Ligand code: MSP
């Protein structure tokens, strides 16, 4: 059976509306998924919502709603965002789904039988917003070492998962599989963290404090810690303990794409959970950076979030996709501002890609009555084979920014080609008609090559371009040999249409 390319986003907390930071992970995964689909591979892209835990319970209480009613209201907002952003996921998992709850309980019962879970009294400090326990030594100036907020003293009986038993194994695994955690600097960070003794993980919360969770299978008084519940989504969504055939075709996941703030859970807790479950490791945990606004992480608690829907309504989803995919190398932090986005809009989209389409279509309209002229492939001014290979290599090594750069290099080259060949001068000389046809045919063909590749990055724009080029076969090109052929057909009547990216001035509110 062909292994399906299986990729995951984190499942998002439903304690508030999604912002640009959330949209980022989903856009990245969508781009990878679309590219693999283009290559003809089966793809399974899963996303969803993380609905249990104190944060959600509190958010519901604040609105005087039952948690279930509260989450049922928020989930459609996530689904709507993914719809307007063109996110083509294959499965949407909710941790409140019955099958998921059953799998979590089954795993816990198995681990308890195995002796990897024990009950103990916990005494220490607790950070409610982070839902993390800390020892006295771990606190920084008496505050949570992760978020620097006040912590509460706690004493309670809970169930613990023996992380410590597997610490040596995990270090060895990471060292033996250098590509398991990426970027490399994040792998080193995890190994650094593992230099300290690993504490066992408290995997329950007493119902006295938290009721909104999956009931712990061995106790009526405890619910499962939200992170244990959440991480399991990656296997439940793939059919684990429910559909062996499906699970075999999907697992191991090819990539868990996560933000750097949740790397420890994915690169320490999760591998150990899988190890004790006897399940193969995912192939890759990739941590991306944060979108910042004026130096601070964009986050609900800071209160500086940007609503992606507003940006999409103003500029279109492809513009936000382009900005987020291209602005920083995957892994690094980026600065978000609407001014920057508007700058990229006018330089890269309106003046570069939009202009290339507009001038190509206008000249074909003017000099060849709107029909693609017959031209010679030998007069090509770029190398489609190299382009395909460079873009594929970049995507397969999770460098979408590099992929975008390769595509834009062709767009820039094509615009230069117009300046070099000066079709408006060629058009004045009847003896140059053949030369003019060669130039315009190859310009149109370069736009076609760009459009095919852009399907993964800017799907709306790509489809608009393919339609205007009347390239019905554009969506089926999945191999370099087909890609290298001339893609436009002489005689096709182009549809110039409205500017792909209207001038920025017209956009400003
Ligand atoms: N529910 C957990 C994940 C469980 S996965 C088994 C969670 N949810 S979250 O909603 O808080 O965050 C989801 C993702 O959004 C994380 O990968 C996080 O890094 C990402 N981002 C949240 N704010 C972000 C930015 N400002 N910038 C980039 N990504 C950010 O954590």
Where in the range 210-225 does the amide nitrogen come within less than 15 Å of the point 7 Å from the Cα of residue 152, taken along Cα to Cβ? 210-212
Taking neighbour counts of Cβ atoms within 10 Å as a proxy for exposure, in what order, fewest first, do 498, 175 appear? 498, 175
Order by protection proxy (mean Cβ within 10 Å, highest first), peptides 204-212, 371-379, 322-330: 322-330, 204-212, 371-379
Compute the normalised compactness of the chain: alpha-carbon radius of gyration over 2.2 N^0.38 Å, N being the residue count. 1.12
Roughly what % of Cα-Cα distances in the range 223-293 sit above 21 Å, to the whole percent? 27
How big is the Rg/Rh ratio for the range 339-508, C-alpha atoms only, Rh by Kirkwood, two decimals? 0.96
Quick one: helix 400-421 against the long Cα principal axis of the chain, what's the angle to the nearest 10°, folded into 0 to 90? 10
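Multiply the residue separation of residue 472 and residue 184 by 0.36 nm, subtract the distance between their alpha-carbon atoms, and state the gained length in nm to one decimal.
99.5 nm
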Relative packing of 462-469, 107-114, which averages over residues the other C-beta atoms within 10 Å, highest first: 462-469, 107-114
For the chain, the longest principal axis of the Cα atoms and the Cα long axis of helix 20-38 enclose an angle in degrees, to the nearest 10, of 60
Modelled FRET efficiency - R0 45 Å, residue 424 with residue 393, Cβ distances, 0.05 increments: 0.75
Over all directions, the range 91-217 yields a Cα convex hull whose mean projected area in nm² is 10.0
If you take every DSSP beta bridge whose two residues both sit in the chain, what share of them, in percent to the nearest 5, is antiparallel? 55
Taking Cα atoms, the helix 98-114 axis meets the longest principal axis of the chain at an angle in degrees (rounded to 10) of 50
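Could you order the peptides 130-139, 31-40, 341-350 from most to least packed, using the average number of other C-beta atoms within 10 Å per residue? Don't skip to the answer; put the middle values down first.
Values: 130-139: 14.3, 31-40: 19.9, 341-350: 18.0.
Most protected by this proxy first, the peptides run 31-40, 341-350, 130-139.
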Nearest-0.05 FRET efficiency for residue 118 and residue 460, computed from C-beta distance (R0 45 Å): 0.25
Jot down the radius of gyration and Dmax of the range 62-150, Cα atoms only, both in angstrom. 18.9, 48
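Please work out how much length the chain gains when fully extended from residue 362 to residue 135, using 0.36 nm per residue of separation minus the C-alpha to C-alpha distance, in nm with one decimal.
Details: separation 227, 0.36 × 227 = 81.72 nm, distance 6.88 nm.
Separation in residues times 0.36 nm, less the Cα-Cα distance, equals 74.8 nm.
Here, each number is a calculation from the coordinates, and none is a lab measurement. All of these numbers come straight from a predicted model, not from anything done at the bench. In this analysis, Cβ positions are derived from the backbone assuming ideal geometry, glycine residues included, and neighbour counts consider all displayed protein chains.
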